[in-house]
Amino acid sequence: MNFRDEHDEREMKRFALSDTLIDIASLRDTLLDARAGACASFEGWVRDHNDGRTVRGLRYEAYAALAEAEGERIVDEALAKFEIVDARCVHRTGELAIGELAIWAGASAAHRDAAFAACRYIVDEVKSRVPIWKHERYADGAAGWLHPQPEQEKPA
Amino acid sequence: MNFRDEHDEREMKRFALSDTLIDIASLRDTLLDARAGACASFEGWVRDHNDGRTVRGLRYEAYAALAEAEGERIVDEALAKFEIVDARCVHRTGELAIGELAIWAGASAAHRDAAFAACRYIVDEVKSRVPIWKHERYADGAAGWLHPQPEQEKPA
Amino acid sequence: MARVTVLYFASLRDAAGVASERLETEAPDLRTLYESARTRYGFALPIDRLRVAVDGAFAKWGDPVRDGGEIAFIPPVSGG
Amino acid sequence: MARVTVLYFASLRDAAGVASERLETEAPDLRTLYESARTRYGFALPIDRLRVAVDGAFAKWGDPVRDGGEIAFIPPVSGG
């Protein structure tokens, strides 16, 4: 059980990039709090297809300094907007295989409405604002960076 | 990576009661699928307070035969209603301490809209329809069964 | 006359003092069966706050009491 | 005349052939700096699809090019 004190609140990083496997259990444990009755979490996995093409693998590249600052801003926004106790998000960088975890986000709250809303907010905002780019390799040998048009963006 | 075959689909139990600690990692692993890009999950934790009273501990009791049938029906409904790949839910019975996991639900899908919606649906329906009852013990020595009025129900 | 098993859960079990009992009843339907148990044990919950199940499946209060049935009165649930 | 470092990411880096470069530029603002890089390297992405950052914080295309600044052109992101 964690009780954050005011000092920790200012120092703690709640968003991180990781170039190794994301440790879900440890992240989830950081959200434990006796005041929280609900915890919603999200995992983004590497799918074997995208827009009808078979995907063999991918890598994520980030502009690390800005990605970390913007990710932290997003989690801070979620803490301000929703009645949650805590929230965390980690995004992978580097080479990932099919099925690997690309992003994890979680939020704990007294009640489940806020936990779900905050978790969803963090995932949506990270996908649309944090400078991270996906490079996909396809079964047909082609490869390329994904730079979605706003109108082409799909929830994934 | 699991690929369910048609036979498994009919046989597999996707809702369970458990009288021991819920193993989150194993449950989450059952949802892995190369077609899935998103997984939303929910944990309900025992809070240290309820309606302004300090809670010391609680126990859940179920009408097991009906709870399992109704829980399974709810997960089946989620599979029919939302474009998800798979879903699971486990609810604890017996004695729980503060902070312990009372319910876990998760849904995997190609896209995150369906994963979040299905996860939320399962949690909401289990809380309102499955014959499980909570007995709370309070710091002041009192104890009692929770039988919420429909209008008093709160998301938790 | 029907011989049935009745299951009591949560606050109903505390009030009845038993988790289940075997009864011989002349109650024509499940509603009447609950009302007589309510009178006998002083259950606080009125029938419109409960559901009822027979042999592990939800039933209707107007359903007849069948011989050999297992009847469960389901007070408002509070899982999660 | 300003000396700046410019960072290229994803498809911009592939097109430029470098992840970063040091430049001496007379571009008065970030918009002009991007347009000259776009002409030089043949970037496919028009400026209205990009964002720009200076020294690790988002900036505006109309901001002046400051000497010693680290400028990053941010193509549409695709994390998650």
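A few notes on this one:
- For region D:8-23, filtering for residues that are over 18 Å from A:GLY94 (Cα atoms), hydrophobic (A, V, I, L, M, F, W, C) and touching an Asp or Glu at 6+ places or on another chain (Cβ under 9 Å) leaves 0.
- Any pair with Cβ under 6 angstrom, 6 or more apart, that starts in region B:68-93 at a residue that is within 10 Å of B:ALA16 (Cβ to Cβ) and ends at one that is part of a helix (DSSP H, G or I) and polar (S, T, N, Q): B:ARG88/B:THR30
- Looking only at region B:32-53, and only at residues there that are surrounded by fewer than 23 Cβ atoms within 10 Å (Cβ to Cβ) and in contact (Cβ under 8 Å) with a residue 60 or more places away in the chain, the one that is farthest from the other protein chains (Cβ to nearest Cβ): B:ARG53
- Residues that are under 15 Å from the mean Cα position of the chain (by Cα) and in a loop (DSSP other than H, G, I, E, B), drawn from region B:89-102: B:THR93, B:GLU100
- Screening A:GLU72 on (1) of a type in the set (D, E, K, R); (2) facing another protein chain (nearest Cβ under 10 Å); (3) closer than 29 Å to D:GLU70 by Cα shows it passes everything except condition (2).
- Within region B:106-117, the residues that satisfy the criterion of being buried (at least 24 other Cβ atoms within 10 Å of the Cβ), aliphatic (A, V, I, L, M) and in contact with a helix residue (DSSP H, G or I) (Cβ under 9 Å, 6 or more places away or on another chain) are B:ALA107, B:ALA109.
- Residue list for region B:118-149, filter: more than 8 Å from every other protein chain (Cβ to nearest Cβ), surrounded by fewer than 18 Cβ atoms within 10 Å (Cβ to Cβ) and assigned to a helix (DSSP H, G or I): B:ASP124
- Filtered by the rule that a residue be of a type in the set (Gly, Ala, Ser) and in contact with a helix residue (DSSP H, G or I) (Cβ under 7 Å, 6 or more places away or on another chain), region B:76-92 gives B:ALA78, B:ALA87.
- Within the option set A:ALA78, A:ALA105, A:ALA114, being within 12 Å of another protein chain (Cβ to nearest Cβ), in a helix (DSSP H, G or I) and either at negative phi or at pLDDT 95 or above (or both) holds for one residue only, A:ALA114.
- When A:ILE132, A:ILE74 are checked against the criterion of being of a type in the set (A, V, I, L, M) and in contact with a Gly (Cβ under 7 Å, 6 or more places away or on another chain), a single residue qualifies: A:ILE132.
- Residue ranges of strands (runs of 3 or more DSSP E) in region A:1-74 with at least 2 members under 25 Å from B:LEU31 (Cβ atoms) and at pLDDT below 95: A:53-62
The values are calculated or read from the model by the stated rules, or taken from the named source; none is laboratory data. The model shown is predicted, which means the values in this text are computed figures rather than measured ones. All Cβ positions, even for glycine, are placed from backbone atoms using ideal geometry, and neighbour counts span all protein chains on display.
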